[in-house]
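The values are calculated or read from the model by the stated rules, or taken from the named source; none is laboratory data. Bear in mind that the values here come from a model prediction, so they are computed numbers and not experimental data. No Cβ is skipped: glycine too gets one built from the backbone with ideal geometry, and neighbour counts run over all protein chains shown. Surface areas here come from the heavy atoms of the whole protein model, side chains and all, with no ligands, DNA or RNA. Shrake-Rupley method; radii C 1.70, N 1.55, O 1.52, S 1.80 Å.
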Amino acid sequence: QVQLVESGGGLVQAGDSLRLSCAASGRLFTLGTMAWFRQAPGKEREFVAAIRRSGSTYYADSVKGRFTISGDNAFNWVYLQMNSLKPEDAAVYFCAAKVAIEWTGPYDYWGQGTQVTVSS
């Protein structure tokens, strides 16, 4: 199996930057895609960004140009650099991973989440 642990969340002001980290362990060689999702109070969990071993990335339109996902080649770590944060970015951010090499569809593994709060 795969274990994912997020860190780096916190309270920031609108316009600030924050970097989230996800530490992965287990059978990482089986993974094809890693991603970040977020869920705000009263809202559905939404896709934020994903990355493949090749380094190819894919972003939700709402964060494109502001957020950057990155990771090492072995998928031991995945990061989400968040710039120009907006109040609507406030949410619990989850690290996720899947065996399949695809951006969409179900993810197989999930972290516990890390809280990001953005004040206006």
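Of all accessible surface on the range 18-68 at a 1.4 Å probe, what whole percent is carbon and sulfur? Mind dumping the intermediate values first?
On the way: 1230 of 2570 Å².
Carbon and sulfur together cover 48 percent of it.
Only Lys, Arg, Asp and Glu count, each charged at its Cβ (+1, +1, -1, -1), so figure out the dipole size of the chain about its Cα centre, rounded to 20 debye. All intermediate terms of the calculation are to be shown ahead of the outcome.
Details: 11 positive and 10 negative charges, 33 e Å.
Computed charge dipole of the chain: roughly 160 debye.
With each label point set 7 Å from Cα along the Cα-Cβ vector, what nm distance links Arg53 and Thr104?
Placing both labels 7 Å along Cα→Cβ, they lie 2.5 nm apart.
Before I look further, what does the chain give for accessible area per residue, probe 1.4 Å, in whole square angstrom?
Numbers: 5980 Å² over 120 residues.
Using a 1.4 Å probe on heavy atoms only, each residue of the chain averages 50 Å².
Would you mind giving the three semi-axes, in whole Å and largest first, of the ellipsoid equivalent to the chain according to its Cα gyration tensor? All intermediate terms of the calculation are to be shown ahead of the outcome.
On the way: eigenvalues 106, 37, 34 Å².
Here the semi-axes work out to 23, 14, 13 Å.
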